[in-house]
Amino acid sequence: MTFLNDVGRAVSNTMDTVSRKTGELVEVQKIRSQIGTLEKDIEKSYIQLGKMVYGKFQENAEIDEEMRRVCEEISKDCAAIEQYEDEIATVKGMKRCPGCKAALPQDTAYCPKCGTKLEG
């Protein structure tokens, strides 16, 4: 009987350990999930902060010189994107609205999306 009691205690101890470890894993995963959510929130805040700084740059407000250099790079990249979008429209035989940037057929006089009058 002692042997069966020992086996029963060993099984019981093992089950307790497995149960405790499972509980720990679940708790750790919950905490990691909370960390992940906070990291995503921080990333969104960084983006929002960057957009605020860039907005100040566009308004010619005073900003730090290092931030100004980054903003100038962003402006340069935005201008390049505009050129590429114009090239895509040209390749497709279209033109772009100067107001909303929509790609439109060449013979369009007014943009149907924003109402801007288009040049010949």
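The values are calculated or read from the model by the stated rules, or taken from the named source; none is laboratory data. In this text the structure is predicted, and so the values were computed from the model without any measurement. Methodologically, a virtual Cβ is constructed for each residue, glycine included, from the backbone with ideal geometry; neighbour enumeration extends over all protein chains shown.
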- Item | Number of the condition not met by Glu62 [criteria: (1) surrounded by 10 or more Cβ atoms within 10 Å (Cβ to Cβ); (2) over 26 Å from the mean Cα position of the chain (by Cα); (3) not polar (S, T, N, Q); (4) not in a helix (DSSP H, G or I)] | (1)
- Qualifying residue in segment 78-86 (condition: polar (S, T, N, Q) and more than 25 Å from the chain's Cα centre (by Cα)): no
- Determine, yes or no, whether Lys95 is on the phi < 0 side of the Ramachandran plot, assigned to a strand (DSSP E or B) and modelled with pLDDT under 95. yes
- Does Lys44 qualify as being free of Cβ contacts under 8 Å to residues at least 40 places away in the same chain, exposed (fewer than 12 other Cβ atoms within 10 Å of the Cβ) and assigned to a helix (DSSP H, G or I)? yes
